[in-house]
Amino acid sequence: MIDKRVPSLEDAVAGVRDGDTVLVGGFGNSGVPVELVHAVLEQGPRDLTIVTNNAGTGETDIAALIREHRVRKIICSYPRSAGSVWFEKFWRAGEIELELVPQGTLSERMRAAGAGLGGFFTPAGADSPLAQGKEVRVIDGRRHVFEKPLQADVALIKADRADRWGNLVYHSAARNFGPVMATAATLTVAQVRAFVELGELDPEAVVTPGIFVDRVVIA
Amino acid sequence: MRLSAQQMAARVAQDIPDGSYVNLGIGLPTLVADVVPPDREIVYHSENGILGMGPSPEPGTGDPELINAGKQRVSLLPGGAYFHHTDAFVMMRGGHIDITVLGAFQVAANGDLANWATDEASMPPAVGGAMDLAVGARRVLVMTTHTTKDGRPKLLPACTYPLTAAAVVHRVYTDLAVLDVAPDGFVVRELVDGLTHDELQERTAAPLRFAPDLVVL
């Protein structure tokens with residue numbers, strides 16, 4: 001029988017290892033799986049590569065991971081937010097590596113990984129220093145840069161409701177990166193507000209089919 | 001003589017037709033939404049997965065997860081939709097946004113845009129969705145002061161800062177003028193009252209052509 005529901009946050013993040021690449025959903029404070037990230041902090045893996053849109057603010061979730069020296073590298077599009085003091089501090093001290101990726105490219109690299117593609121050409125960033133060291137090709141008279149898929153070990157996402165097959169629906173703009181991250185990791189874990197009975201989610205409106213999801217937990 | 005931020009926003013808003021799909025960049029461009037003429041129905045897009053974004057709710061109310069690209073709370077209008085991030089960028093990069101209004105550090109005479117990084121290395125670099133928006137929007141409007149705070153020109157023969165995208169800007173709205181990017185460079189369409197052609201040229205590093213049907217801004 002399929003039952004992806006797990007009873008605790010500790011169970012949800014079991015098996016995250018040192019050196020893992022971890023996708024963390026959210027845009028600003030919207031849709032961040034705060035409790036799952038704190039569970040990873042508790043569990044203790046180090047040397048992580050975190051893939052996320054922003055580099056954390058204040059003292060919680062991603063900022064806490066950075067503060068506690070668990071993050072070797074961050075792959076993100078906008079690390080500069082009001083209150084991202086821990087990232088800035090570590091970056092200035094040379095203690096955290098930053099790979100800056102245009103936001104659309106970040107999404108599409110994860111989609112390519114989830115979709116089994118070898119990469120893609122995008123015009124975004126092709127005229128900027130971010131294209132250095134990468135293949136640039138002129139397609140229909142416009143410069144495009146080749147971007148590789150971004151495959152991860154773990155995805156931590158926040159959704160609204162799940163059933164035991166791992167089907168997910170989300171809440172308003174908290175959806176953001178969740179659906180694409182769910183496809184691009186070996187282990188996908190979703191924290192949700194509530195579980196529903198199998199069949200309760202409208203099949204016309206399931207946003208992330210459970211095929212992409214490994215564990216769901218209430219938080 | 002020089003336009004205020006509100007006046008610049010009002011001038012930009014005049015050029016947004018009824019029924020447009022619009023993405024407003026962070027900073028100055030966000031003022032545009034407040035001053036679009038009320039008889040026009042505009043669908044606002046936000047990069048984090050919203051179409052039909054509405055005005056900010058009263059402070060302390062609303063949905064804390066429903067935020068815009070600037071991380072401020074917004075609302076959803078009837079007809080609005082939520083979708084995931086990859087779809088949001090299909091809309092941006094794939095040519096589905098009619099108009100984007102962006103800020104700028106520099107704009108070059110050939111339409112090159114620099115609005116994500118300067119030559120200052122003390123802050124971590126950050127790009128967000130600017131590059132995808134700049135290459136993908138059907139019409140790229142820039143809203144910016146004509147010069148920097150210390151009086152240096154922002155309209156140049158070539159950008160010295162790292163580019164957001166090459167040859168993307170269609171029209172520039174400043175506090176002194178409205179300029180189009182034409183095959184031969186900047187063409188001034190509108191000029192604030194009390195400023196001469198020479199005075200505008202002095203504040204601009206690239207050569208300016210003045211439209212024969214130039215009007216007062």
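In this simple spin-label model, placing a label point 7 Å from the Cα along the Cα-to-Cβ direction at both B:THR148 and A:GLU42 gives a separation of 5.0 nm. Most simply put, the range A:53-158 has about 60% antiparallel DSSP beta bridges, counting only bridges with both residues inside it. Distant-in-sequence amide contacts of A:THR186, defined by a placed amide H-H separation under 5 Å and a gap of 5 or more residues or a different chain, comprise A:ALA152, A:ASP153, A:VAL154. The Cβ shell under 12 Å around A:GLN103 holds other residues with a net charge of -1, Lys and Arg each +1, Asp and Glu each -1. Whole-Hz Karplus values for the range B:194-205 come out as x, 10, 7, 4, 4, 5, 5, 4, 4, 8, 10, 7 Hz, taken residue by residue from phi with 6.51 cos²θ - 1.76 cosθ + 1.60 and θ = phi - 60°; glycine and proline positions read x. Placing +1 on each Lys and Arg Cβ and -1 on each Asp and Glu Cβ, with no other charges, gives chain A a dipole about its Cα centre of roughly 580 debye. Close amide H partners of A:GLU99, meaning residues 5 or more places away or on another chain with modelled amide H under 5 Å apart, are A:ILE74, A:ILE75, A:CYS76. Charge dipole (Cα centre; +1 on Lys/Arg Cβ, -1 on Asp/Glu Cβ; no other charges) of the range B:5-216 amounts to roughly 260 debye.
The alpha carbon convex hull volume per residue for the range A:73-212 rounds to 151 Å³. Model label points for B:VAL216 and A:LYS73, set 7 angstrom from Cα along the Cα-to-Cβ axis, are 6.0 nm apart. Mean-square fluctuations from a GNM of chain A, with a 10 angstrom spring cutoff on Cα atoms, peak among A:ALA63, A:ALA182, A:ALA205 at A:ALA205.
Gain on full extension, evaluated as 0.36 nm per residue between A:ARG17 and A:VAL85 minus their Cα-Cα distance, stands at 21.9 nm.
Rounded to the nearest 500, the 222 nm mean residue ellipticity of chain B from helices alone is -4000 deg cm²/dmol, with -39,500 (n - 2.57) taken per DSSP H run of at least 4 residues.
So which of A:LYS4/A:LYS148; A:LYS73/A:LYS148; A:LYS134/B:LYS71 end up more than 22 Å apart, counting from Cα to Cα? In this structure, A:LYS4/A:LYS148; A:LYS134/B:LYS71 lie more than 22 Å apart at Cα.
Exposure proxy for A:GLU97, A:GLU197: other Cβ atoms within 10 Å of each Cβ, ordered fewest to most, give A:GLU197, A:GLU97. Peptide B:47-56 has a mean shielding of 4, counted as Cβ atoms of other protein chains within 10 Å of each residue's Cβ.
Counted over the protein assembly as shown, the DSSP beta bridges are approximately 40% antiparallel. Other residues lying with their Cβ under 11 Å from the Cβ of B:ALA13 contribute a combined charge of 0, Lys and Arg counting +1, Asp and Glu -1. Listed values for the range B:56-72 are Karplus-derived 3J(HN,Hα) couplings in whole Hz (6.51 cos²θ - 1.76 cosθ + 1.60, θ = phi - 60°), namely 5, x, 4, x, x, 10, x, 9, x, 8, 8, 10, 9, 5, x, 6, 9, and x replaces Gly and Pro.
Measuring between their Cα centroids, the range B:56-83 and the range B:92-120 lie 25 Å from each other.
Relative contact order of chain B, taken over Cα pairs closer than 8 Å and 6 or more residues apart, is 19 percent.
Each of A:ARG193 and A:ARG137 was given a label point 7 Å from its Cα along the Cα-to-Cβ line. The distance between the two points is 4.5 nm.
Ellipticity at 222 nm from helices only: DSSP H runs of n ≥ 4 in chain A, each -39500 (n - 2.57), divided by the residue count, give -6000 deg cm²/dmol. When both bridge partners sit in chain B, DSSP labels roughly 50% of those beta bridges antiparallel.
For the range A:147-219 versus the range A:8-67, the spacing of their alpha-carbon centroids is 16 Å.
Legend: calculated FRET efficiency, B:HIS197 to B:ASP18, from the Cβ-Cβ distance at R0 = 30 Å, rounded to 0.05, equals 0.30.
The numbers here are math on the coordinates, done by the rules we state, and not lab data. This one's a predicted model, so the numbers in the text were calculated from it and none came from an experiment. With ideal geometry, Cβ positions are generated from the backbone for all residues, glycine too; neighbour counts draw on all protein chains shown.
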